[in-house]
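Reading through the structure tokens given below for one structure.
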Amino acid sequence: MSLEDDFCDILKKARFGQGHGLAALAELTHIESSDLESLEKGKRLPTKTEIRQICQALHLRSHSLVAITLDGWIPQSQPEWTTRDALVETIRGDIGGYEVKGYLLSDPDTQQTLMIDTGYNAQQMLVTIKKRELTLIGVGLTHGHADHAGGLEDILAEWPVPVYLGNGDFDLLPWKPDLASLKIPTDHQRIALGEMTVECLATPGHTPGGFCYLITRKGQSLCFVGDTLFSGSVGRSNPFSLYPQHLQSVRHTLLHLPKDTVLFPGHGPSTTVAEEHTHNPFG
């Protein structure tokens, strides 16, 4: 298991999000531009001192970035309870060699299921739904990018269900569903899923209309976070002007969930709020 982002990715996302060129960052950190460029391109590992200088300039948490970059931190394995009763099934897709994850969240009592992103693998989604004799009641998109919504037309051709997508992301979709099937959720709106309830959380930042999907069952919580948060990082803000909102969504929405909440991102390993409190440089 490896993290989605390494030091180079984290540095670029923070630098671009704050609008700093290499020369400006060099002035802030007192590190030569050539050294920063080498670090950003992964030509060498940073020292602990360089990490602290960069984090101070980019308002990142240095102990978290040291743990990721120099100590090899990775989150603990996904808790067993999340797959018990086939509550969550991960569907993996591939777009140009880049792995993406979609999920089926299923109520064990009724076999109703909510798809969270297509995982860029509509065929496997449909095969799994049929094999498990599930009833699809909706598709919750965390955002409109192709790797998370690709193949939506194939899903809806077989299952004409509502599609939940945040306001501002419709134009990002690679294929546009009929407006009659589109549901624009509001923050904290709830979706009934059998005996369970899914809460929609507005988390703009990675895209203008980003949403996450939260459930609590038997006192245990899990949240599908798309590209709003990765284990030890965040997705890139698109456009970069959304970076302040993105940090707000991470710090004041996701990291305010109960600490044992399991977080399922669109890329990379699952994690928990507690792990990200300690190890996410953007937290």
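Restricting attention to segment 67-113, the residues that are polar (S, T, N, Q), part of a loop (DSSP other than H, G, I, E, B), within 15 Å of residue 270 (Cβ to Cβ) and touching a Ser or Thr at 6+ places or on another chain (Cβ under 8 Å) total 2. A single member of 207, 228, 253, 203 is surrounded by fewer than 22 Cβ atoms within 10 Å (Cβ to Cβ), of a type in the set (Val, Ile, Thr) and either within 16 Å of the chain's Cα centre (by Cα) or at pLDDT 95 or above (or both), and it is 253. In summary, residue 220 fulfils each of the numbered conditions (1) under 29 Å from residue 135 (Cβ atoms); (2) in contact (Cβ under 8 Å) with a residue 60 or more places away in the chain; (3) crowded, with 21+ Cβ neighbours inside 10 Å with the single exception of condition (3). Looking at this structure, is residue 165 modelled with pLDDT of 95 or more, over 16 Å from residue 105 (Cα atoms), in contact with a strand residue (DSSP E or B) (Cβ under 8 Å, 6 or more places away or on another chain) and not polar (S, T, N, Q)? In short, yes.
Within segment 256-283, the only residue that satisfies the criterion of being in contact with an Asp or Glu (Cβ under 8 Å, 6 or more places away or on another chain), crowded, with 23+ Cβ neighbours inside 10 Å and not in a strand (DSSP E or B) is 266. Of the residues making up segment 154-173, those that are surrounded by 14 or more Cβ atoms within 10 Å (Cβ to Cβ) and more than 16 Å from residue 211 (Cβ to Cβ) are 154, 155, 156, 159, 161.
Residue-wise test of (1) in the same structural domain as residue 222 (by TED's automatic domain parsing); (2) exposed (fewer than 14 other Cβ atoms within 10 Å of the Cβ); (3) out of contact with any Gly (no Cβ under 6 Å at 6 or more places or on another chain).
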site: 36; (1), (2), (3): no, no, yes
site: 59; (1), (2), (3): no, yes, yes
site: 62; (1), (2), (3): no, no, yes
site: 85; (1), (2), (3): yes, yes, yes
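Contact annotation: residue pairs with Cβ atoms under 8 Å, 6 or more positions apart or on different chains, pairing a residue in segment 182-204 that is without any contact (Cβ under 8 Å) to a residue 12 or more places away in the chain and closer than 18 Å to residue 217 by Cβ with a partner that is assigned to a strand (DSSP E or B) and among the acidic types (Asp, Glu), are 190/199. Close contacts from segment 26-55, counting a first residue that is closer than 13 Å to residue 8 by Cα and a second that is surrounded by fewer than 15 Cβ atoms within 10 Å (Cβ to Cβ) and of a type in the set (Ser, Thr, Tyr), with Cβ to Cβ under 9 Å and a gap of 6+ residues or different chains, come to 44/38.
The values are calculated or read from the model by the stated rules, or taken from the named source; none is laboratory data. Source: prediction; values computed, not measured. FYI the Cβ positions are ideal-geometry reconstructions off the backbone, even for glycines, and counts take in every protein chain you see.
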